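As structure tokens, the structure follows; a few thoughts come after it.
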Amino acid sequence: MRNSKAKGFTLIELIVVIAIIGILAAILVPSMLGYLRNSRITRANSNARTAHIAVATALADAATVSGQVIIPNPVDIAAPLAALPVGTTTAWGTGYTANWTELLGVNFAGVSRTVTDPTSFAAVWTAWSETGTGLSGTQLTSDAQKAAWRAGTGAGSQSGIYPLAVS
């Protein structure tokens, strides 16, 4: 004998629940991707800040030790931070060697590009990238950086910048 009180959900109830889950997913997925992009931008900008402080410290130390700073290209000093192995040092000026492991930490990775002031050799701004691609050629504003990340192309599309340009 068959039980007339069957347990379970009807097909219509299941379709309604699936439709509701689909609508919620369609609303939440784009906003979650925005949060993920913003967290990556924040991380990249934090790494750019770390690299900027390290370069500024090395430039100040070199000026203190040697009395002058001699940089082959005073506008762009990407080479000293590009894919540095642990313990890498860079000679700047006379009698000063920058130890990037001490300045950046053992676990710091990525490629950095610092633009300096040619007259004072002070670090003006720094871009950082995990892979070395997307390093900005210009100091972007926060809005321009977010637009570049959204588009995925152009300067700053995968890099952090410190400090960001004033808008």
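The values are calculated or read from the model by the stated rules, or taken from the named source; none is laboratory data. Everything numeric in this text was worked out from a predicted model, so none of it was measured. Cβ: placed from backbone, ideal geometry, glycine included. Neighbour counts: every protein chain shown. When the accessible area is computed, the model is the full protein with side chains, heavy atoms only, and any ligands, DNA or RNA have been set aside. Shrake-Rupley method; radii C 1.70, N 1.55, O 1.52, S 1.80 Å.
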### Task
State whether one or more residues within segment 9-32 are in a loop (DSSP other than H, G, I, E, B), at pLDDT 90 or above and open to solvent by less than 90 Å² (accessible area, probe 1.4 Å).
yes
### Message
So the check is Cβ under 9 Å with 6+ separation or different chains; which pairs have a first residue in segment 20-39 that's closer than 17 Å to residue 145 by Cβ and a second one that's open to solvent by less than 70 Å² (accessible area, probe 1.4 Å)?
### Response
37/149; 38/149
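Condition check ((1) among the polar types (S, T, N, Q); (2) at positive phi) across all residues:
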position	(1), (2)
126	yes, no
130	no, no
136	yes, no
143	no, no
149	no, no
156	no, yes
164	no, no
### Message
Being of a type in the set (Ser, Thr, Tyr), open to solvent by 50 Å² or more (accessible area, probe 1.4 Å) and modelled with pLDDT under 75 is true for just one of 88, 119, 64. Which residue is that?
### Response
119
### Task
Hey, could you check segment 150-167 for residues that are loosely packed, with under 13 Cβ neighbours inside 10 Å and of a type in the set (Val, Ile, Thr) and say which is nearest to the chain's Cα centre (by Cα)?
153
## Note on the structure
Restricting attention to segment 137-146, the residues that are in contact with a helix residue (DSSP H, G or I) (Cβ under 8 Å, 6 or more places away or on another chain) and either open to solvent by 30 Å² or more (accessible area, probe 1.4 Å) or in a helix (DSSP H, G or I) (or both) number exactly 2
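Can you report the number of residues in segment 122-136 which are open to solvent by 50 Å² or more (accessible area, probe 1.4 Å) and of a type outside the set (S, T, N, Q)? Let's see the steps before the verdict.
From segment 122-136, those open to solvent by 50 Å² or more (accessible area, probe 1.4 Å) are 124, 130-131, 133; that's our starting set.
Now restrict to residues that are of a type outside the set (S, T, N, Q): 124, 130.
Residues meeting the conditions: 2.
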### Summary
Filter segment 33-45 for residues that are at pLDDT 90 or above and touching a Phe, Trp or Tyr at 6+ places or on another chain (Cβ under 7 Å); the one that is farthest from residue 162 (Cα to Cα) is 41
### Task
Read through the list (1) assigned to a loop (DSSP other than H, G, I, E, B); (2) open to solvent by 50 Å² or more (accessible area, probe 1.4 Å); (3) modelled with pLDDT of 80 or more, then give the number of the only condition that residue 73 fails.
(3)
